Amino acid sequence: MQVTGQQGIPSTIGKLTALLTMMHDHAMGADIVRKLEADGYRHTVGKVGSMDSAKVIAAIETAAKNNRVIDEKRYRETHGLYHAILEALQGVSRGTPQIRDVLRTVGLTFAIVRGPLSTEQGQPDEGEWICVCMYGTIGAPKKGFEHEVLGFGINHI
């Protein structure tokens, strides 16, 4: 599977989601958004900070619904998103998605992208997928006691 588009921007949903999460507010972010839109992906970016993993999940789910990445009336779309969020949250928290219970807090930027696994010519149609990436910090609920984290989840719809 090729992973680079004609202009050097990746063409897989996972790489695009990770890049969008980390680069959305940099010069390269506009190129990534143009690539996503040209290839028909639905996407959004948001931020959340909390000591409660349920609030992180709710913020991402709300962003996906409000920005029409998923149709809230279709259970399978919400269900697929939920599993992608949990997988990404496990990456952020290094396993069990506990935050408050172990006195940790997160400050995250997240991206949600929906579409095919790849837009490269000749790749089989695998249906629609949803991808969630989170990047930010985790640590004790005191400024200066955190470190960077990255979490990633992908699920079929």
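The values are calculated or read from the model by the stated rules, or taken from the named source; none is laboratory data. These numbers were taken from a predicted model, which means no experiment stands behind them. Every residue, glycine as well, gets a Cβ built from its backbone with ideal geometry; the counts of neighbours run over all protein chains shown.
General remarks:
- Within segment 39-66, no residue satisfies the criterion of being more than 30 Å from E120 (Cα to Cα) and either aromatic (F, W, Y) or in contact with a His (Cβ under 6 Å, 6 or more places away or on another chain) (or both).
- Flag if R68 is among the basic types (K, R) and modelled with pLDDT of 95 or more: yes
- Of all the residues in segment 136-157, those that are closer than 15 Å to K47 by Cα and among the acidic types (D, E) number 1.
- Matching option when the condition is of a type outside the set (F, W, Y), assigned to a strand (DSSP E or B) and crowded, with 17+ Cβ neighbours inside 10 Å, among V69, V56, V48: V48
- Filtering segment 83-127 to residues that are among the aliphatic types (A, V, I, L, M), outside any loop (DSSP other than H, G, I, E, B) and modelled with pLDDT of 75 or more leaves A84, I85, L86, A88, L89, V92, V106, L108, A111, I112, V113.
- The residue pairs whose first member lies in segment 1-22 and is closer than 9 Å to K35 by Cβ, whose second member is at pLDDT below 80, and whose beta carbons are closer than 9 Å, counting only pairs six or more residues apart or on different chains, are P10/V3; P10/T4; S11/Q2; S11/V3; S11/T4; S11/G5; S11/Q123.
- Test result for V132, surrounded by 13 or more Cβ atoms within 10 Å (Cβ to Cβ), on the phi < 0 side of the Ramachandran plot and either assigned to a strand (DSSP E or B) or of a type in the set (G, A, S) (or both): yes
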